[in-house]
Amino acid sequence: MTDPLNNRGRKWFEALTGSNGKVDGNPGSLMVAEAVLGGEKAVFVGVAPDANARFPRTGHTEVGLEEGWYGTKNLRAVIEADKNGTKRPIITVCDTKSQAYGRREELFGIHVAAAAIIAAYADARTAGHPVIALIVGRCVSGAFLALAGQANRMIAFDDPEVLIHAMYKDAAARITKRSVAELDKLGETIVPMAYDIGSFNKLGGLHKLLKIAGPDTPTPATIDQVKSTLIEAIADARKSSRTLDVRLESDGAKAFRKASIKVRKMMTEQWAAC
């Protein structure tokens, strides 16, 4: 398993930027840095473990109130700074456990904080910033929605430690009143129920599934490999639509998301008829 205090996301953030991502005024869990990528400046964002987290339900890479609000502040600053010039790419390095589950978070409106950062990413994308999610570890539930869901392109490591899903397997088992073994069996025939990254890739959401030698220990060779993939994804995003329609246009989506595509088509037709 990845080290909870020095997680894979932090390692890759530092390897790609040469920075620990600490910015005055930001919480210790939020990493933000600018680095050169493919001959241009790019903004990197990530969430890291923070032993001194202000809220007790954060600190182990959860996206909570501060991560949502301060992340929004930093993204809005990038959008404002680039409004009349070149739109810098925004790369989010994701190894994030989940959203923060806590009574304080609920009382103070974690749903609003999460919505704010989601809106900031969406506004950056529609303004012309190539938004790329680099998923190197876990990206589960509200953390996926907050940090990766609005990306023009998603890239994931092809590795057993990588997990993209609505919820963890034990929680899904409790909710569906099945055993974990039964869920695994369902995942063999129902692709969205599966938990391996290969099955997620079949749904068509990923731009690329990237095989990395030694993903827990970045090396000059693997760093160059990831950077080359990011540069290609940025170029692809810039020459394509700023919408997320590409996720339903892949061969995987056409094969495994037929119902989603049909529902969207029907909704669009009914909306136009109103």
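The values are calculated or read from the model by the stated rules, or taken from the named source; none is laboratory data. All values reported here derive from a predicted model rather than from experimental measurement. When we count neighbours, we look across all protein chains shown, and the Cβ atoms used for this are built from the backbone with ideal geometry, even at glycine. Side chains are part of the model used for accessible areas, which takes the heavy atoms of the whole protein and leaves out ligands, DNA and RNA. Shrake-Rupley method; radii C 1.70, N 1.55, O 1.52, S 1.80 Å.
A few comments on the model shown:
- The C-beta contact set for the range 69-90 (first residue free of Cβ contacts under 8 Å to residues at least 40 places away in the same chain, second residue part of a loop (DSSP other than H, G, I, E, B) and not polar (S, T, N, Q), distance under 9 angstrom, 6+ apart or interchain) comprises K73/G25; A81/R88.
- Test result for T61, on the phi > 0 side of the Ramachandran plot and either more than 17 Å from the chain's Cα centre (by Cα) or of a type outside the set (D, E) (or both): yes
- Applying the criterion of at least 3 residues that are farther than 21 Å from E161 by Cα to the helices (runs of 4 or more DSSP H) found wholly in the range 175-274 leaves 220-238, 251-256, 258-273.
- Number of positions in the range 39-60 that are in contact (Cβ under 8 Å) with a residue 24 or more places away in the chain, in a loop (DSSP other than H, G, I, E, B) and under 27 Å from E232 (Cβ atoms): 1
- Pick from the range 237-247, criterion more than 10 Å from P89 (Cβ to Cβ) and more than 18 Å from the chain's Cα centre (by Cα), ranking: surrounded by the fewest Cβ atoms within 10 Å (Cβ to Cβ): K239
- Filtering the range 250-274 to residues that are in contact (Cβ under 8 Å) with a residue 24 or more places away in the chain and surrounded by 11 or more Cβ atoms within 10 Å (Cβ to Cβ) leaves S250, G252, A253, K254, A255, F256, R257.
- Among the residues of this structure, T72 counts as one that is farther than 25 Å from A15 by Cβ, of a type in the set (S, T, N, Q), outside any loop (DSSP other than H, G, I, E, B) and in contact with a helix residue (DSSP H, G or I) (Cβ under 6 Å, 6 or more places away or on another chain).
- Matching residues in the range 39-75 - criterion: being farther than 22 Å from G137 by Cα, touching an Asp or Glu at 6+ places or on another chain (Cβ under 9 Å) and modelled with pLDDT under 95: R54, F55
- Checking A115, A156 one by one, the residue that is open to solvent by 30 Å² or more (accessible area, probe 1.4 Å) and closer than 20 Å to I91 by Cα is A115 and no other.
- In this entry, A146 is excluded by the filter for residues that are of a type outside the set (S, T, N, Q) and either open to solvent by 10 Å² or more (accessible area, probe 1.4 Å) or free of Cβ contacts under 8 Å to residues at least 12 places away in the same chain (or both).
- Residue check for I135: surrounded by 23 or more Cβ atoms within 10 Å (Cβ to Cβ) and either farther than 14 Å from T61 by Cβ or more than 12 Å from the chain's Cα centre (by Cα) (or both): no
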